[in-house]
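Reviewing the structure listed below.
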Amino acid sequence: MEEIDAVSLLGTNDSHLQIIENRFDAAITVRGNTITLRGDSEELQQLERIFKELIYLLNKNGALTVNDVETVVDLVADIPERKFQKRSAAPADSEEVILFTQNSIIKAKTPTQKEYFYKSQKNDIVFAIGPAGTGKTYLAVAMAVAALKNREVNKIILARPAVEAGESLGFLPGDLTAKVDPYLRPLYDALDDMLPAEKLKTYLERRTIEIVPLAYMRGRTLHNAFVILDEAQNATAMQMKMFLTRLGNNSKAIITGDITQIDLPSNTTSGLVQIQEVLKTIDGIDFVYFNKNDVVRHRLVKEIIDAYGKFGKKS
């Protein structure tokens with residue numbers, strides 16, 4: 001694109017740019033006064049129209065407001081996520097669409113997944129408890145990405161306890177970031193499915209999306225954020241309290257975990273086990289329980305979970 005006055009066009013702290021980025025999957029790179037666009041050809045055409053219109057308004061008025069940017073984007077952009085979110089709020093839909101991606105449509109398929117979707121829309125804090133493969137984390141990330149695209153939140157925070165499950169952090173190579181990366185990798189994998197690589201890279205660099213060990217959450221207050229705590233069965237009772245009290249204004253939290261796969265020391269109480277009793281009567285907080293019938297991975301995963309359940313009863 002042509003050279004422009006980037007500061008005036010993109011807004012203070014890139015506030016105008018973030019409005020545009022949250023509505024498109026295309027990667028927008030700014031180098032000096034030059035903007036480079038990469039992505040789907042249809043989106044690129046829309047983005048070029050948006051920037052040309054904004055440049056025209058900037059030259060005409062001498063400044064741009066947030067309302068200017070939102071109005072231009074609304075007039076030019078096609079935003080199926082927002083339209084569908086409103087339409088799909090009725091339980092009559094047989095399969096609920098949570099997020100459109102470039103390659104697929106992410107839906108709530110099983111009855112429990114649909115319950116999960118509705119409760120997450122209705123409540124600010126939702127706990128999703130159940131076995132592996134039921135879509136707890138994947139759907140939570142999809143709901144977070146949809147909320148970011150729809151400008152319901154300004155950022156996504158994904159956290160996991162870095163609890164060892166037989167392996168030792170000390171033997172892993174690299175600095176602390178490299179050591180905890182394996183614990184956070186499933187969250188990156190989910191995001192890789194939902195966002196183009198360049199767009200995800202931009203979000204991570206600007207900390208619009210953060211993926212952090214649970215311990216790094218201490219002392220923060222999170223406003224206008226969609227926060228996910230994954231593998232919460234490995235959070236202690238104190239860590240769970242710490243996490244839940246991070247929420248600020250206009251924030252939503254989903255906590256996922258499997259209480260049959262606790263890796264904490266035997267004398268340590270799992271925060272996810274305890275919290276079911278602590279918060280069970282509070283309005284705005286809800287619990288969803290998945291079972292083996294909700295498994296959406298390979299058919300053998302359901303049978304493996306069932307076999308372990310039977311073996312545990314015999315033992």
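Kindly establish whether residue 286 is open to solvent by less than 30 Å² (accessible area, probe 1.4 Å), among the charged types (D, E, K, R) and either under 23 Å from the mean Cα position of the chain (by Cα) or modelled with pLDDT of 95 or more (or both). Against the criterion (open to solvent by less than 30 Å² (accessible area, probe 1.4 Å), among the charged types (D, E, K, R) and either under 23 Å from the mean Cα position of the chain (by Cα) or modelled with pLDDT of 95 or more (or both)), residue 286 does not qualify. Residues satisfying the criterion are present in the range 14-36 (criterion: open to solvent by less than 50 Å² (accessible area, probe 1.4 Å) and basic (Lys, Arg)).
Taking the criterion of being free of Cβ contacts under 8 Å to residues at least 24 places away in the same chain and either assigned to a loop (DSSP other than H, G, I, E, B) or open to solvent by 60 Å² or more (accessible area, probe 1.4 Å) (or both), the residues of the range 46-63 that qualify are 52, 53, 56, 59, 60, 61, 62.
Within the range 260-315, the set of residues being assigned to a loop (DSSP other than H, G, I, E, B), closer than 21 Å to residue 113 by Cα and of a type in the set (A, V, I, L, M) comprises 295, 296.
Would you say residue 236 is surrounded by 14 or more Cβ atoms within 10 Å (Cβ to Cβ), more than 24 Å from residue 191 (Cα to Cα) and modelled with pLDDT under 95? The answer is yes for residue 236.
Here is the figure for the range 11-32: residues that are out of contact with any strand residue (DSSP E or B) (no Cβ under 8 Å at 6 or more places or on another chain), on the phi < 0 side of the Ramachandran plot and of a type outside the set (Val, Ile, Thr) total 8. Within the range 32-45, residues that are under 15 Å from residue 7 (Cα atoms) have Cβ atoms under 6 Å from residues that are among the small types (Gly, Ala, Ser) in these pairs: 33/6, counting only partners at least 6 apart in sequence or on another chain. Among the residues of the range 245-259, the one identified as in a strand (DSSP E or B) and basic (Lys, Arg) is 252.
Against the list (1) modelled with pLDDT of 95 or more; (2) open to solvent by 50 Å² or more (accessible area, probe 1.4 Å), the condition residue 259 fails is (1). Is the range 250-273 home to any residue that is out of contact with any strand residue (DSSP E or B) (no Cβ under 7 Å at 6 or more places or on another chain), more than 17 Å from residue 144 (Cα to Cα) and of a type in the set (A, V, I, L, M, F, W, C)? The answer is yes, given that some residue of the range 250-273 is out of contact with any strand residue (DSSP E or B) (no Cβ under 7 Å at 6 or more places or on another chain), more than 17 Å from residue 144 (Cα to Cα) and of a type in the set (A, V, I, L, M, F, W, C).
The values are calculated or read from the model by the stated rules, or taken from the named source; none is laboratory data. Remember, predicted model here, so these are calculated numbers, not experimental data. Neighbour counts run over all protein chains shown; Cβ positions are idealised from the backbone, glycine included. All accessible areas refer to the heavy atoms of the entire protein, side chains included, with ligands and DNA or RNA removed. Shrake-Rupley method; radii C 1.70, N 1.55, O 1.52, S 1.80 Å.
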